[in-house]
Structures are given as C-alpha cells and as structure tokens.
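Can you keep this structure in mind? I'll have questions shortly.
The values are calculated or read from the model by the stated rules, or taken from the named source; none is laboratory data. Since this is a predicted model, take the numbers as computed values, not measurements. Note that each Cβ is placed from the backbone with ideal geometry, even for glycine, and that neighbours are counted across all protein chains shown.
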Amino acid sequence: MTITHHPAELTLQAYAAGHHKRAARVVVATHLEFCPDCRRTVRLCEEIGGALLEDLPPAEMAAGSLDRVLARLGPVARPPSAAPPPAWALASGLPCPVTLREFSPSRWRGLMPGISRIQLLPPKSGEGSLYLLRIAPGKRVPVHGHTARELTCVLSGAYTDAHGEFCQGDLAESDESQDHQPVSAPGGDCICLIATEAPLRFGGSFARLLQPLVGV
Amino acid sequence: MNGLAPLLSYSPPGIVAPRPVLRKLALAREALRWSGLSPSSPAQPERPGAEFAGFIRAIATVQDRAAFVALYGHFAPRVKSYLLRLGAGTVLAEDLAQEALLSVWAKAAYFDPDKASVSTWIFTIARNLHIDARRRARAPARAAAELANLPDAAVPEAADMVLFAAQQQERLRAALVHLPANQAEVVRLSFFQDKPHAEIERELGIPLGTVKSRLRLAIAQLRSLLDAPK
C-alpha cells in the first residue's frame, strides 16, 4: 500500500509530545497503523522527548516516595502471545483498526441520502468530536469548510477533492481556510475516520439548514 | 514448604544480565547517586543507556528489585520534573511519577529495546499518564481507557540492537546540545509545555511561522543525524 497524503511533520511532533486532544490523537494513531514513514517520524520525535527527559534537572521526590512504590510492586505482566481479535467490524470483512478497539460504536445513522455516520466521541466530550463517516460510491458531499482543524483518515474506499485522491490510510489535514467538496470513488463505500475540534460550516443555504441535524 | 518455595524460584539476577559486573557497578552507581551519597553526583558521568535496558530486562525476567530501585532513582525525579513543566501541581506530578515507575515495573516485559531507548520508553509512559490525567480533569465521568501503550509482540532482542538504541539516544542528546539556541528553545518548549505551537508564539514573542520553521529545521537536523551511516 502506498500512502500519498501524510500529516504535517509538526502534527506528528505534537502527537509525540502528547498535545493533541483525544479525537485528533486517535486519527493520527490510525494513520500510523498504515504508514511506516510517519511511524519513523513519531519515533524520532519520541526519541527527542526521551533525550530531553534525560537532560532535565531532577525534581526532588516526596519523602518516603520510593518505599511507597516498592510496597505497591505487583506482578510483572506477560505480553499476550497473540493479538486479541478485533472487537468489532466497520463493515463486513473490514475489521476496525486497533486504534478504534476501545470504542463501542452505535449503529450507522443516516445524515442525508448516501451518507451515514457513527459518532465515537461527542462534540461535548471536551476531547474533540470523533466520528466515522460512510459515503456511498460516487456520492458528492455538500461543500463545506471548517471552523477549526479537521483530520480525516480514509479506512476504506477513496474520495477525491481539490487536494487530490485520498485512499486507504491517507490522512487529510484541513483548516478553516479551506472549503472542500469530496466526491467518493466508485466501487465501494468510502469510510473515513474524522476528528474535528469545532462544528463544520456548510457553504450552501440548504446545507446550512442541515447543520443543526448534522451537529458534527 | 513455604520456606523453600522462594529459594527454589530464586535465581541470582546477575546470571541473566549480559554483563553482570558492569551491571552491578552501574546499579551501585545509580543507588549512590540516588541516595545523594555519591561525591560525583553533580558532574554527570556517562549515561549507562544500555545498562538501563539491562535493568528492565532483569525486572522482566527475574523481578529484580535492585534494578528497579536504580531505575527509580534515575528516572522518577526526571519524570516528576517533566510533569511539573507540563503544568501539573506538585502532588499530581509526584503521583504520576510514582505511577510511571510502577508501569515500568509492570510492563517491563513489553519493553522493546529495538524500538526505543529506555528514556524514550519512560517518556512515552509519563506522557500517556499525563494525557489520561488531563482527560480525567476535562471529563471526570468518562472511563479512562487509553489506546496508547498498545502491547507489542515480544521479540527477543540481540545485544547489539540494545546497544544501537542506546547509542542512537546518545547521539541525539549530543546533537541537541549543538542545536542553535533559538531552535533548541523551541524544541524544548514544544515538548515540555502543554501548549500548542501557537502558544509558544505568544510566549517567545516570535511569529508562529518562525516557531514552526525553527522546529522543522531542528527536527530535520536531528533526523539527518540519526539517518547518517553508523
């Protein structure tokens, strides 16, 4: 698999430093499952974090700290011999990525004909909104922009917008300055994992009416 | 019966370590440094990065408490320092530093010296604990399940791989020292303050574009260093 669209290097650095909210973190982690290049960059950034940690002036631990920790040492965990099976499937034959195992998804809910969604983290979570979007083949999504940064990772199928074609594993990063109108590729459903930090802003007046219903 | 069981299951930790003598020396050095008795503690000697990996293996294989004490002495105060820099209060920083070292013990068998040096592994543990704590603060009612620290398949490591990860870390630390001051400052802030890049802009009074380009330059420089032929 060839990944053509990657997060910005500084997005990966912020991931390694732990700055992203949970929704964005899950999307970046999902891209990392697909992308060895970005895994290497994150590893480099984590190594920088480790080197900086090593050089920090030590802080004084509380009195009795070590004794308390020693008293709490339990068994050393054994790594499982095999990875556990996927917890759930995105579609038949499409197991959820490892990064989504912790979620217990609800059912797909229709947003408009040909487009449905599963909300994984609600906008009110304080951790960004995280959802799966399923777009029927050859479907045009209404023009929209974003009031904040949006991260999209394609899990299956493909879509095209002004920035190119996005296939499985690709990550699209957009900000408030960009309006886009994705069109899903023919052949199969396009399923995307999306994190937004603020509601979408739809361009057309009809689409704007949908805004309260969509609520993403 | 009860008295025999521990004897039967006990094997001296030195047997499994690759270089028992060096390891014991390092243990003693760490224990001294930690206790504040070492006369040379301010003048940091060479970092026993590969030794740390040996300590973790000793925990994983024989639950070596002395190795744990050495790791604790070195890393707990640094992890606490890191958490304080991220804005955690003294109590939280202490608690999370203790939790981080408890994780080092409990997850020792998951440590993969091919993937990361010990300080990097502990950095990611501390970072993830802080992420969890921050999330609990934002949404106290939510369950604290976390995706990070996904268990990796346990792969036996050759000794030269251990050395490699440790050497890489040494090179990186040396390179950080030689970064231009303005780049080094941005790199430090980008890791040790719980702030998006835009807030570093405010803090340093330089434009966001400059923050980003300095950070990118620094990462590129460090990357080229690690990619260079060994």
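Of the residues A:LEU200, A:LEU193, A:LEU121, only one is at pLDDT below 90, out of contact with any Pro (no Cβ under 6 Å at 6 or more places or on another chain) and crowded, with 16+ Cβ neighbours inside 10 Å; which?
Going through A:LEU200, A:LEU193, A:LEU121 in turn, the sole match is A:LEU200.
Next question. Of all the residues that make up region B:187-222, how many are charged (D, E, K, R) and at pLDDT 85 or above?
Counting residues in region B:187-222 that are charged (D, E, K, R) and at pLDDT 85 or above gives 4.
Then there is this: Determine whether A:ALA17 is of a type outside the set (Lys, Arg), over 15 Å from A:PRO97 (Cβ atoms) and more than 9 Å from every other protein chain (Cβ to nearest Cβ).
no
I'd like to check something: does region A:79-97 contain any residue that is under 29 Å from A:LEU193 (Cβ atoms), surrounded by 17 or more Cβ atoms within 10 Å (Cβ to Cβ) and away from chain B (no Cβ under 11 Å)?
Yes, the conditions are met somewhere in region A:79-97.
Can you tell me which residues in region B:79-102 are in contact (Cβ under 8 Å) with a residue 24 or more places away in the chain and either within 8 Å of chain A (Cβ to nearest Cβ) or within 20 Å of A:ALA51 (Cβ to Cβ) (or both)?
B:VAL79, B:TYR82, B:LEU83, B:ARG85, B:LEU86, B:ALA97, B:ALA100, B:LEU101 - these are the residues of region B:79-102 that are in contact (Cβ under 8 Å) with a residue 24 or more places away in the chain and either within 8 Å of chain A (Cβ to nearest Cβ) or within 20 Å of A:ALA51 (Cβ to Cβ) (or both).
If you don't mind, another one. Can you find a residue that is more than 7 Å from chain B (Cβ to nearest Cβ), of a type in the set (A, V, I, L, M) and surrounded by 14 or more Cβ atoms within 10 Å (Cβ to Cβ) anywhere in region A:44-64?
No - not one qualifying residue is present in region A:44-64.
Filter region B:103-114 for residues that are more than 7 Å from chain A (Cβ to nearest Cβ) and not aliphatic (A, V, I, L, M); which is surrounded by the fewest Cβ atoms within 10 Å (Cβ to Cβ)?
Only one residue fits best here, namely B:ASP114.
Also, quick follow-up: In this structure, is A:ARG22 among the basic types (Lys, Arg) and facing chain B (nearest Cβ under 7 Å)?
When the stated conditions are applied, A:ARG22 passes them.
I'm trying to understand the selection: among the residues of region A:21-58, which are basic (Lys, Arg) and farther than 25 Å from B:ALA184 by Cβ?
Of everything in region A:21-58, those that are basic (Lys, Arg) and farther than 25 Å from B:ALA184 by Cβ turn out to be A:LYS21, A:ARG22, A:ARG25, A:ARG39.
Further question on the same structure: Out of everything in region B:51-69 that is among the aliphatic types (A, V, I, L, M) and modelled with pLDDT of 95 or more, what residue ends up being surrounded by the most Cβ atoms within 10 Å (Cβ to Cβ)?
B:ALA67
Among helices (runs of 4 or more DSSP H) lying entirely in region A:1-104, which contain 1 or more residues that are of a type in the set (Lys, Arg) and at pLDDT below 95?
The helices (runs of 4 or more DSSP H) meeting that bar are A:22-34, A:36-54.
Restricting to region A:135-159, name every residue that is in a strand (DSSP E or B) and either closer than 15 Å to A:HIS31 by Cβ or modelled with pLDDT under 95 (or both).
Correct list: A:ARG140, A:HIS144, A:GLY145, A:HIS146, A:GLU150, A:LEU151, A:THR152, A:CYS153, A:VAL154, A:LEU155, A:SER156.
Which members of region B:119-136 meet the condition of being more than 16 Å from B:LEU102 (Cβ to Cβ) and more than 7 Å from every other protein chain (Cβ to nearest Cβ)?
Passing the criteria: B:ARG134, B:ARG136.
Residue check: is B:GLU170 touching a Gly at 6+ places or on another chain (Cβ under 9 Å) and either more than 10 Å from every other protein chain (Cβ to nearest Cβ) or modelled with pLDDT of 50 or more (or both)?
yes
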